[in-house]
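The values are calculated or read from the model by the stated rules, or taken from the named source; none is laboratory data. Quick caveat: nothing in here was measured; it's all calculated off a predicted structure. Quick reminder, even Gly has a Cβ in these numbers, built from the backbone with ideal geometry, and neighbours come from all protein chains shown. Calculation scope for accessible area: heavy atoms of the full protein, side chains included, ligands and nucleic acids excluded. Shrake-Rupley method; radii C 1.70, N 1.55, O 1.52, S 1.80 Å.
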Amino acid sequence: MDIRDATAEDAAAIAEIYNHAITHSTATWDTHTVDAANRRAWIANHQQVGDPVLVAVDDEAQDEHNILGYASYGQWRPFDGYRYTVENSVYVHHELRGGGTGTALLSALIDRARAQGVHVIVAGIDAANTGSIRLHERFRFAAVGHLPQVGVKFGGWLDLTFLQLTLDDRADPPS
């Protein structure tokens, strides 16, 4: 497995992974599937502002199914005061969860965040998604908040758990 920056050619595979999460899980609370054009624009938007979209690639597969998962982050809130805080996402192909792809992606994403001077990574995770919560806790993300019944999907209320990882011990932000 190799981790690299996503390209426009990865958009269809990323859409397939994301759409499975939309239609079969509460990993995302989105309810509308996306197409490759949507994901190409999403990748381009991330790259334009300097935010990564990483893909885990099976080096031995020679077709569109070589993308095992993807991870990204973006500005946590759209205000300048939050410029050193990002929110991450990690999605792994549904047949490959629990096999190390998420770990490799999150590790690479944290490395990229440190290199870019990010101070805090926030993860907003469905409180029932124990696999994702455990993945983040292995990287020392700490639970910092729980919001009951703030989402809805599949006819039920969903709770949101916030986890946070502080990447450095800077006493003051850069000027």
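Going by what's in this entry, would Glu87 be described as of a type outside the set (Ser, Thr, Tyr) and closer than 19 Å to Asp51 by Cβ?
yes
If you check Leu147 against the conditions, is it over 22 Å from Pro52 (Cβ atoms), open to solvent by 20 Å² or more (accessible area, probe 1.4 Å) and hydrophobic (A, V, I, L, M, F, W, C)?
yes
For region 42-140, which fully contained strands (runs of 3 or more DSSP E) count at least 3 residues that are open to solvent by less than 90 Å² (accessible area, probe 1.4 Å), free of Cβ contacts under 8 Å to residues at least 60 places away in the same chain and not aliphatic (A, V, I, L, M)?
67-75, 85-92
Take region 23-34 and flag every residue that is part of a loop (DSSP other than H, G, I, E, B), surrounded by fewer than 12 Cβ atoms within 10 Å (Cβ to Cβ) and either in contact (Cβ under 8 Å) with a residue 12 or more places away in the chain or small (Gly, Ala, Ser) (or both).
Thr31
List the pairs whose first member sits in region 1-22 and is in contact (Cβ under 8 Å) with a residue 40 or more places away in the chain and part of a helix (DSSP H, G or I), whose second member is buried (at least 20 other Cβ atoms within 10 Å of the Cβ) and among the basic types (Lys, Arg), and whose Cβ atoms are under 6 Å apart, counting only residues at least 6 apart or on separate chains?
Every condition considered, the pairs that remain are Ile14/Arg39.
Here is a list of conditions, (1) open to solvent by less than 80 Å² (accessible area, probe 1.4 Å); (2) not in a strand (DSSP E or B), and Asp159 meets all of them except one; can you say which number that is?
Condition not satisfied by Asp159: (2).
Just one of (1) surrounded by fewer than 14 Cβ atoms within 10 Å (Cβ to Cβ); (2) at pLDDT 95 or above trips up Ile14, so point out which.
Only one criterion is unmet by Ile14, namely (1).
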